[in-house]
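What follows is a single structure, written as structure tokens, with notes after it.
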């Protein structure tokens, strides 16, 4: 965390990403292959949780993932399958065809946009004569590059070791590396460690112990933050929806904001004063993505703790994206998994971002669609890049905060500076009127956890709402 949520595991905890590691990725010629099971395949039922995006959109996302670690994507190839092959995932003829193309193009890495079994991965590597990584391996590599805090780094390594437990045939596990990429791009000639289950399990046990320590430290920071009477507003959304750009726009911070999948992996928080005086703690979080492996969701749940505890959630959507509806569905599903009702208008605000990328007619249509929604759940159309809609967004945030917080009216005796200081420290003074005799008439909004202390100190105060 950063800003007011200060912690010992800030961005400085991680070493700079090794330049040579970037060079390995940047110099790697790669194929991205999207092997998708045809929905109209004979006798095939559509699973309820199956990815319903277009094949082109799924392949485009896989290209974006590969680009996030600077791979040189030579070609993206969509392969439609009527059935999955246990040995190689793809059919024999397609494997032979791709092997020829890999050789001709001097490809060093093949990215498969699917989940491969260890046997399938090993067989494809033998057939292609180069390294093969699946979607999980690629996401882990990105996580290894992007994680900055100690907790994020430990979570990545734990998820990686869990993934590698079933892939002990590989000779580039790089178990001694503490951060950065996790060796999918490095070759057997770089570092070879005789890894077995005992070694991996010992390392996993140690990481789990370290994580418990880090989590206890974070819980102490959260407890101290709760004593500050600022509501927490968390940004959530699909990866690359523009959360970090919006965070920067609202706070003038310099969080990494790039047109890149998973640009933010560790939560960042800043104190912010809204236009009408309310103070909040704004938190940026890791982006969600479809088909995120279950072991990664579990490993990264802690990075979403701010979202779970937030008073207000901003669900940031890229409305210019062709799959914005499917992305929103994925985000809502993960929020439900975290115990958050995404339809709760008292707590969740949909932010329809990237309005600047819409044609005028489409922008008007989106604005009209937003206006048709009930006021309690009405989305806010914005452009984090240009600042369009920021006033509407901050108004919506303040309205949500006000609804969930008690407001009291009271009068302070002349010269009662001690009580005034307490109110400033523990609540928000919404209005103040100075009487001729020096008495102060105040309207005060309080965080729920301070209401008991307030009423004990000011029993004569009258509750407004």
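Screening the candidates 203, 216, 198 for the property of being in contact with a helix residue (DSSP H, G or I) (Cβ under 7 Å, 6 or more places away or on another chain), at pLDDT 75 or above and not in a loop (DSSP other than H, G, I, E, B) yields one hit, 203. Here residue 360 clears all of (1) more than 19 Å from residue 316 (Cβ to Cβ); (2) in contact (Cβ under 8 Å) with a residue 24 or more places away in the chain; (3) outside the structural domain of residue 441 (by TED's automatic domain parsing) except the condition numbered (2).
Those helices (runs of 4 or more DSSP H) of region 231-311 in which at least 2 residues are in contact with a strand residue (DSSP E or B) (Cβ under 6 Å, 6 or more places away or on another chain) and at pLDDT below 85, considering only elements entirely within it, cover 305-309.
Here is a yes/no grid of residues against (1) buried (at least 20 other Cβ atoms within 10 Å of the Cβ); (2) touching a helix residue (DSSP H, G or I) at 6+ places or on another chain (Cβ under 8 Å); (3) modelled with pLDDT of 90 or more:
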site	(1), (2), (3)
80	no, yes, yes
103	no, no, yes
148	yes, yes, no
151	yes, yes, no
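Within region 417-432, being surrounded by 15 or more Cβ atoms within 10 Å (Cβ to Cβ) and not in a helix (DSSP H, G or I) holds for 427, 428, 430. Looking across 441, 383, one residue alone is touching a strand residue (DSSP E or B) at 6+ places or on another chain (Cβ under 6 Å), more than 19 Å from residue 311 (Cβ to Cβ), at pLDDT 90 or above and not in a helix (DSSP H, G or I). It is 441. Filtering region 82-101 to residues that are crowded, with 17+ Cβ neighbours inside 10 Å and either at pLDDT below 95 or closer than 16 Å to residue 37 by Cα (or both) leaves 88, 89, 90, 94, 95.
Per-residue answers, yes or no, for (1) part of a strand (DSSP E or B); (2) touching a residue at least 40 places away in the same chain (Cβ under 8 Å); (3) in contact with a helix residue (DSSP H, G or I) (Cβ under 8 Å, 6 or more places away or on another chain); (4) surrounded by 14 or more Cβ atoms within 10 Å (Cβ to Cβ):
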position	(1), (2), (3), (4)
339	no, no, yes, no
344	no, no, no, no
349	yes, yes, yes, yes
365	no, no, no, no
368	no, no, no, no
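Anything in region 118-141 that is closer than 20 Å to residue 157 by Cα and either surrounded by fewer than 20 Cβ atoms within 10 Å (Cβ to Cβ) or touching a residue at least 40 places away in the same chain (Cβ under 8 Å) (or both)? List them, or say none. Result: 118, 133, 135, 136, 137, 138, 139, 140, 141. Considering (1) surrounded by 14 or more Cβ atoms within 10 Å (Cβ to Cβ); (2) within 32 Å of the chain's Cα centre (by Cα), the lone condition that residue 387 does not fulfil carries the number (1).
Would you be able to say whether some residue in region 59-67 is modelled with pLDDT under 95, not assigned by TED's automatic domain parsing to the domain that holds residue 291 and not in a helix (DSSP H, G or I)? For region 59-67, residues modelled with pLDDT under 95, not assigned by TED's automatic domain parsing to the domain that holds residue 291 and not in a helix (DSSP H, G or I): absent.
Against the conditions (1) within 31 Å of the chain's Cα centre (by Cα); (2) more than 22 Å from residue 141 (Cα to Cα), residue 83 satisfies every one except (1).
The values are calculated or read from the model by the stated rules, or taken from the named source; none is laboratory data. Computed from a predicted model, the values in this text were never measured in an experiment. Positions of Cβ are generated from backbone atoms using ideal geometry, with glycine treated the same way; all protein chains shown enter the neighbour counts.
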